[in-house]
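Each remark here refers to the structure printed beneath this line.
The values are calculated or read from the model by the stated rules, or taken from the named source; none is laboratory data. Predicted model, so just to flag it, every value in this text is computed and none were measured. All Cβ positions, even for glycine, are placed from backbone atoms using ideal geometry, and neighbour counts span all protein chains on display. For the accessible areas, the whole protein counts, side chains as well, though only heavy atoms, and no ligand, DNA or RNA atoms are used. Shrake-Rupley method; radii C 1.70, N 1.55, O 1.52, S 1.80 Å.
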Amino acid sequence: MFERIGLSLEPSALEIQAGGEAAVAFLTMENRSTIVDQYDLSLDGLEPGWYDLSSSVVGLFPGEKAQIKLSFDLPRTSEIPAGPRPFTIKVSSKANPEEFGIVGGTLEVLPFGVASLEISPERLEGRQGTTQLLFRNPGNAAASLTLQATDQ
């Protein structure tokens, strides 16, 4: 990393509900060099469909700053487990590709789901019988179940 590219991410830790409202952060970058330069931006650590950078190439004069909007929007699916997702944004100089800056952040995917339970058959006759229970968890986090049976 080089001091010629100033970077900050606000906020650097975000929470998001999959399928809910988008989470937004802002990347501020500064050209601390003495030349006019363009910079390539890339994000690593998250699926490309989960985020949108308002710009992937930014041109700056010496001493100039730019703010880039970063929006996160995740589909509501159990395939994206709840929990933290660290990511990094790399900003590379086009004039000198060996000069780059990196800033990190964390996207916390919040848990969701409503578990369901089915019993079949729903009614038994006689003194004993067998039934089957089907527990479904369509969410993105572990769920536990406690069962208690009673007889009228």
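Here are a few things to note about the model shown:
- Residues that are within 20 Å of G139 (Cβ to Cβ) number at least 1 in the following strands (runs of 3 or more DSSP E) confined to region 1-98: 13-17, 23-31, 65-72, 83-93.
- Selection of region 81-98 for residues being within 20 Å of L53 (Cβ to Cβ) and either of a type in the set (F, W, Y) or touching a residue at least 12 places away in the same chain (Cβ under 8 Å) (or both) yields R85, P86, F87, T88, I89, K90, V91, S92, S93, K94.
- Test set (1) assigned to a loop (DSSP other than H, G, I, E, B); (2) surrounded by 13 or more Cβ atoms within 10 Å (Cβ to Cβ) - A149 fails condition number: (2)
- Residue within region 40-61 that is in contact (Cβ under 8 Å) with a residue 60 or more places away in the chain and not acidic (D, E) present: yes
- Residues within region 34-56 that are among the hydroxyl-bearing types (S, T, Y) and open to solvent by less than 20 Å² (accessible area, probe 1.4 Å), tallied: 1
- Residues located in region 68-101, provided they are open to solvent by less than 20 Å² (accessible area, probe 1.4 Å), under 14 Å from the mean Cα position of the chain (by Cα) and over 30 Å from V114 (Cβ atoms): L70, I89
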